[in-house]
1. Would you please name the residue that is least open to solvent (accessible area, probe 1.4 Å), looking only at residues in the stretch 101-120 that are in contact (Cβ under 8 Å) with a residue 24 or more places away in the chain and charged (D, E, K, R)?
2. Taking only pairs six or more apart or across chains, which ones have beta-carbon atoms under 6 Å, a first residue in the stretch 121-143 that is more than 18 Å from LEU188 (Cβ to Cβ) and at pLDDT 95 or above, and a second residue that is open to solvent by less than 60 Å² (accessible area, probe 1.4 Å) and assigned to a helix (DSSP H, G or I)?
3. In the stretch 186-231, which residues are among the aliphatic types (A, V, I, L, M), farther than 15 Å from ALA130 by Cα, in a strand (DSSP E or B) and touching a helix residue (DSSP H, G or I) at 6+ places or on another chain (Cβ under 8 Å)?
4. Answer yes or no as to whether ASP178 is of a type outside the set (Val, Ile, Thr), assigned to a loop (DSSP other than H, G, I, E, B) and open to solvent by less than 50 Å² (accessible area, probe 1.4 Å).
5. Starting from the stretch 161-185, keep only residues that are touching a residue at least 60 places away in the same chain (Cβ under 8 Å), then list their pairs with residues that are open to solvent by less than 60 Å² (accessible area, probe 1.4 Å) whose Cβ atoms are within a distance under 8 Å, requiring at least 6 positions of separation or different chains.
6. Of everything in the stretch 103-145, what is among the β-branched types (Val, Ile, Thr), in contact with a Ser or Thr (Cβ under 6 Å, 6 or more places away or on another chain) and not in a strand (DSSP E or B)? Give them in sequence order.
7. Scan the stretch 1-60 for residues that are in contact (Cβ under 8 Å) with a residue 12 or more places away in the chain, open to solvent by 10 Å² or more (accessible area, probe 1.4 Å), of a type in the set (Gly, Ala, Ser) and not in a strand (DSSP E or B) and jot them down.
8. In this structure, is LEU136 exposed (fewer than 15 other Cβ atoms within 10 Å of the Cβ), in contact with a helix residue (DSSP H, G or I) (Cβ under 7 Å, 6 or more places away or on another chain) and under 16 Å from GLU195 (Cβ atoms)?
Amino acid sequence: MRSSVDAAAFYKAMTALMEVPSKSSIEVLREIKAEFTGDQCVLSATDLNTWMPVTTPASGDDFAFVFWNSAGVQKVCRHYDGALELELQQRGDESFLTMRSGSKGGEFPVYDTEDCPTWPEFEAKQSYTANAANILKCVKQVKYAVDLRSTRPEYQGVLFQNKHIWTVEGHRAACCDDGGLDVETPFLVGVPALEQLKALGDAEMQISVADNWVLFQNEHVRLLAKRIQNV
């Protein structure tokens, strides 16, 4: 089974995902998953609170795997250029991925995807449009008033309320009104998840709010963040 992608796009997608995997004892939560479906490649990572798939064009067969040592593979991918060919091979009970780009290439062990968690159920109750860079700028402006060590979850997140983007940690509060949103029903999202908005760049995105999740997405990137409840 083999497929071909643009090396630069593949490296960019892997780089965007590097901060998502957790330090969990569960192998698949420490790594990046790759799914090839004919005309596209979807790279994704999750720590169960944040889910992030990045889609790039591809051509070839349908197959999927989970990288072993994703950080190491990402560093190797920066040396590839032009067309990057990926071939998945099975040898006994083990799977290996061969990657080739011009005269450069390598072989890497990979996991299968049977233990990967599935995308959570999602039913949007609210929907908005905003510029990803503007929202991220507001998050950076107000995150100083967040206490990630607090035992109170609401002190660890960013509150979207009306036209305001708030943070508060008991002693300090910060507010930004430059996000371009006007939220009907307030929702709260953790700072680490919102910092991944940088992967969406300076482009318009759709924000969909469900009971337990908030989805930020554009044509190529989806970022699903768990809501902080009981505020």
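1. My answer is ASP112.
2. Note: pairs meeting the criteria are ALA132/LEU197; ALA132/LEU200.
3. Within the stretch 186-231, LEU188, ALA225 meet the criteria.
4. Criteria not met by ASP178.
5. Note: pairs meeting the criteria are THR185/GLN126; THR185/VAL209.
6. Hit for the stretch 103-145 is VAL142, nothing else.
7. ALA8, ALA9, ALA16, SER22, SER24, GLY38
8. When the stated conditions are applied, LEU136 does not pass them.
The values are calculated or read from the model by the stated rules, or taken from the named source; none is laboratory data. Values in this document were obtained by computation on a predicted structure and should not be read as measured data. Methodologically, a virtual Cβ is constructed for each residue, glycine included, from the backbone with ideal geometry; neighbour enumeration extends over all protein chains shown. For the accessible areas, the whole protein counts, side chains as well, though only heavy atoms, and no ligand, DNA or RNA atoms are used. Shrake-Rupley method; radii C 1.70, N 1.55, O 1.52, S 1.80 Å.
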